[in-house]
Amino acid sequence: MKKHKGLIIILVVIFLVAIISGIVFLRIKQNNSKYNFELTTISKSDVKYYVLKSKEKFGVIDTNGKVIIEAKYADVQIPNPTKAVFLCCQDLNGDDINYKAFDENGNQILTQYEDVEAISINQLTSEVPYEKTVLKYRDGNNYGLIDFNGNIIKEAQYEEIDNLDYKEGFLKVMEKGLYGIINIKGDDIVKTEYDDITADGYYSSTTQYSTSGFITRIKTDNGYRFGYINSRGKELLECNYSELSRITEIEDDKNVYLLTTLNGKVGLVKNGKTILNNDYSAIEYDKTSKLLILNSETAKGVDNLEGKTIIPIDFDYIAIGGDYVTTQKSETKTVFDLNGNKIDTEWESHEKVSDKYSIVIDGDGYYNVLDNSN
């Protein structure tokens, strides 16, 4: 009997663990869906409609040359040139600017909304300069999101809805005078509690701008203070810094390197963890060597991205040229390799450009080409 009771207890525990694991997995999956969603891509061959301009007025024409909307409007937006949804405005100079939506037959659609507009995006991000699946609508003084069929994605609760440069699919919204971020599905990404939010500008050849994060800003009695939220919506740094920027030259989708300024001094943070304290007048990143040139008030040195000292802060001048680091203190020049070892050489810069050849620069600034035997 005791064995049966023990077996029942074990089965109950396993059952409860399975339920909890399922709930955790579901939450993770739902959370990931906020950031992992497919963006619409449109090639030139997909385009069906174009903006028509005639005598400083605008309309719509299709690929066969048929005029769909007469050129009689002050502005026309085609948010998705594969779909027959055209947003037209009669007057851009009035106090109450309204866009009306029309279909391919020139019939007005989405009439339940007093104003419907496309959301512009930076053309460095997309050839089509608008979000391609959603529109913003106005209800009184507030804005919300709808799809092209007029279905409400987000109720009209915002004072503003705008694009976020370099982050297609993410929108900057204002509520009660403060900014936050939502995605085009209406999910909340960053709470509306900041004076401003910008994208950090990071670009990867594999993920494009999708792994760039958000630089947040608040206004304090001592001026603006900046913080950072990563691309998954996790706050890495609170708004405590007078300046903040990502080292975008480091192509690494998993790690975020941030230069922070506090009390006029610069430091380095990796994924929210301090690598270099705010002790420096400047920090410069060299992309070729992946090293940092540190500037104090009186001297320079070199560290790697993990904060390990390569060359101590003891020199008046430092320049990284390919595989060499040239330093100068008073009248003495010393050359090091990228590991901080001294090199006896006449060259001040050495960059390998192929398996056979390197380009070097001598002490007089002249360029030379060397083979592997120098």
If you take the charge dipole of segment 229-374 about its Cα centre, with +1 on Lys and Arg Cβ and -1 on Asp and Glu Cβ, which of Thr288, Ser358, Val269 is farthest toward its positive end? Val269
Please give every one of the lysines within straight-line cross-link reach of Lys273, meaning a C-alpha to C-alpha distance under 18 Å, and leave out same-chain neighbours fewer than 8 residues apart. Lys234, Lys254, Lys265, Lys308
Estimated vicinal HN-Hα couplings, Hz - segment 316-321 in sequence order (Karplus 6.51, -1.76, 1.60; Gly, Pro = x): 7, 9, 9, 9, 9, x
Suppose the chain between Lys342 and Ser43 were pulled fully straight at 0.36 nm per residue; how much longer would it get relative to their current alpha carbon spacing? 102.2 nm
Would you compute, from DSSP H runs of 4+ residues alone, the mean residue ellipticity of the chain at 222 nm, taking -39500 (n - 2.57) per run and dividing by the full residue count, rounded to the nearest 500? -3000 deg cm²/dmol
Aspartates and glutamates within cross-link reach of Lys356: Cα-Cα under 16 Å, excluding same-chain residues under 8 positions apart? Asp323, Asp371
Tell me the net charge near Ile343. Cut-off is 13 Å between Cβ atoms, Ile343 excluded, with +1 for each Lys or Arg and -1 for each Asp or Glu. -3
For segment 25-119, take the convex hull of the Cα atoms, compute a quarter of its surface area, and give me that in nm², please. 8.9 nm²
Quick check: with the 1.4 Å probe, what order do Thr40, Thr63, Thr260 take by accessible area, largest first? Thr63, Thr40, Thr260
Could you check how much of the accessible area of the chain is carbon and sulfur, as a whole percent, using a 1.4 Å probe? 47 percent
Just reorder Arg225, Arg232, Arg246 by solvent-accessible area, largest first, 1.4 Å probe, all chains present. Arg232, Arg225, Arg246
On average, how much accessible surface per residue is there in the chain, in Å², for a 1.4 Å probe, leaving out ligands, DNA and RNA? 57 Å²
Assuming a ≥ b ≥ c are the square roots of the Cα gyration tensor eigenvalues, decide whether segment 124-222 counts as rounded (a/c under 1.5), prolate (otherwise, with a/b larger than b/c) or oblate. oblate
What's the whole-number percent of alpha carbon pairs in segment 261-342 lying beyond 18 angstrom? 38 percent
By how many degrees, 0 to 90 and rounded to 10, does the Cα axis of helix 2-33 deviate from the longest principal axis of the chain? 80 degrees
Rounded to the nearest whole number, the per residue volume of the convex hull around the C-alpha atoms of the chain in Å³ is 302 Å³
Per-selection metrics, segment 179-338 (Cα): Rg and Dmax in Å: 17.7, 63
With an 8 Å cut-off on Cα pairs and a minimum separation of 6 or more residues, tell me the relative contact order of the chain in percent. 5 percent
Could you size up the charge dipole of the chain around its Cα centre, putting +1 on the beta carbon of Lys and Arg and -1 on that of Asp and Glu, and report it in debye to the nearest 20? 1980 debye
Once label points are set 7 Å from the Cα along Cα→Cβ at both Asn122 and Asp139, what is their separation, rounded to one decimal in nm? 3.2 nm
With a/c under 1.5 counting as rounded, go ahead and sort segment 148-191 into rounded, prolate or oblate using the C-alpha gyration tensor (a ≥ b ≥ c being the square roots of the eigenvalues; past the cut-off, prolate if a/b is larger than b/c, else oblate). oblate
In segment 209-257, how does Rg compare with the Kirkwood Rh, expressed as the Rg/Rh ratio over alpha carbon atoms? 1.01
Per-residue ³J(HN,Hα) for segment 248-258, Karplus 6.51 cos²θ - 1.76 cosθ + 1.60, θ = phi - 60°, Hz, x for Gly and Pro: 6, 6, 7, 7, 8, 5, 8, 10, 10, 9, 10
Tell me, what HN-Hα J-couplings in whole Hz come from the Karplus equation 6.51 cos²θ - 1.76 cosθ + 1.60 at θ = phi - 60° for each residue of segment 363-374, using x for Gly and Pro? x, 9, x, 8, 8, 9, 10, 10, 8, 5, 8, 6
By how many nm would the segment from Asp96 to Asp316 lengthen if fully extended, with 0.36 nm per residue of separation less the alpha-carbon distance? 73.0 nm
For each pair in Lys57/Lys167; Lys55/Lys132; Lys176/Lys219; Lys132/Lys154; Lys57/Lys154, compute the distance between the two Cα atoms and list the pairs where it is over 21 Å. Lys57/Lys167; Lys55/Lys132; Lys57/Lys154
Of Asn339, Asn36, Asn222, the one that fluctuates the most in a GNM where the chain has Cα springs shorter than 10 Å: Asn222
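The values are calculated or read from the model by the stated rules, or taken from the named source; none is laboratory data. All values reported here derive from a predicted model rather than from experimental measurement. When we count neighbours, we look across all protein chains shown, and the Cβ atoms used for this are built from the backbone with ideal geometry, even at glycine. Please note that ligands, DNA and RNA were not included when accessible areas were found on the heavy atoms of the full protein model with its side chains. Shrake-Rupley method; radii C 1.70, N 1.55, O 1.52, S 1.80 Å.
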